[in-house]
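J.: Sharing a structure with you now.
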Amino acid sequence: MSESPFDAIVDAFLKEWNLAHPGAEPMGWKLRETSIPWVRFHALPGSKRYAESDSERATILSRANMLGTKLLGDGNPCWVVEARADDIDGQGDFIGSYREEPDAPLWRYHVRAEEWLNGKFDSEIAAIADDGPAYMLWICRESSAIFAPYDGGFDLFPNSQERMLLLRAAHKDWLSDREDGL
């Protein structure tokens, strides 16, 4: 009996994820609790959280695409993980669920294979920036680096401390003034 494409995608993702990030949940805010190198960039100047104009929306997408391309590489194969706590199925194949506490929401994860291309994911990133219903991660299959946008900015998890420091230095005006980097 041959393996279905669904099984092959799920198996490949889980194998790569567990090898690179054993025991970690594929959620940006949970990954910050691990030892993976991490840096947060704000989507708008002055740590402003939400866009109020088309110009500010363009700034968010410009920063997202610049950071995503630097981290993941234009045209590189990636996993796209979508986590939703509502009753809508995410795009891709179901890979599991997570609940932090008994009364907390149940997050359901879906994965699909995509290439990162500058501008390709603008609608998803814009929805996340507007506090949309899903969290998403883009994970480079070559390096295991992770791009995790949120409503207010972008958490990046490069594959090394050196890469994290280079990204910080290249976009220091987009960093938080807070000591904890949030």
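Read-outs throughout are calculated quantities, based only on the coordinates presented, and are distinct from any laboratory measurement. Given the structure is predicted, the values throughout are model-derived calculations rather than measurements. As a convention, Cβ positions derive from the backbone with ideal geometry for all residues, glycine included, and neighbour counts pool all protein chains shown.
J.: Would you list Cys78, Cys140 from fewest to most Cβ contacts within 10 Å?
T.: Cys140, Cys78
J.: Now for a different question. Just give me a number: lysine pairs in the chain, eight or more positions apart or cross-chain, with C-alpha atoms less than 21 Å apart.
T.: Lysine pairs, 8 or more places apart or on different chains, close enough: 4.
J.: Please tell me the relative contact order of the chain in percent, rounded to the nearest whole number, where contacts are Cα pairs under 8 Å and at least six residues apart.
T.: Over the chain, the number comes to 30 percent.
J.: Let me have the 222 nm mean residue ellipticity of the chain computed from DSSP H runs of 4+ only, each contributing -39500 (n - 2.57), with the sum over all residues rounded to the nearest 500.
T.: -9500 deg cm²/dmol
J.: Give me the one-decimal nm value for the distance between modelled label points at Arg112 and Ser143, 7 Å along each residue's Cα-to-Cβ direction.
T.: 2.4 nm
J.: For a quick check: sort Glu52, Glu179 by the number of other beta carbons within 10 angstrom, fewest at the front.
T.: With the sparsest Cβ surroundings first, the list reads Glu179, Glu52.
J.: A further question on this structure: Using the count of nearby Cβ atoms within 10 Å as a rough guide to exposure, how do Met27, Met66 rank from fewest to most?
T.: Met66, Met27
J.: Let me ask something else. Would you please state which residues of the range 25-41 a label at Leu166 would reach in this model, taking the label point 7 Å out along Cα→Cβ and a backbone N cut-off of under 20 Å?
T.: In the range 25-41, the label zone of Leu166 (backbone N under 20 Å from the point 7 Å along Cα→Cβ) covers 36-41.
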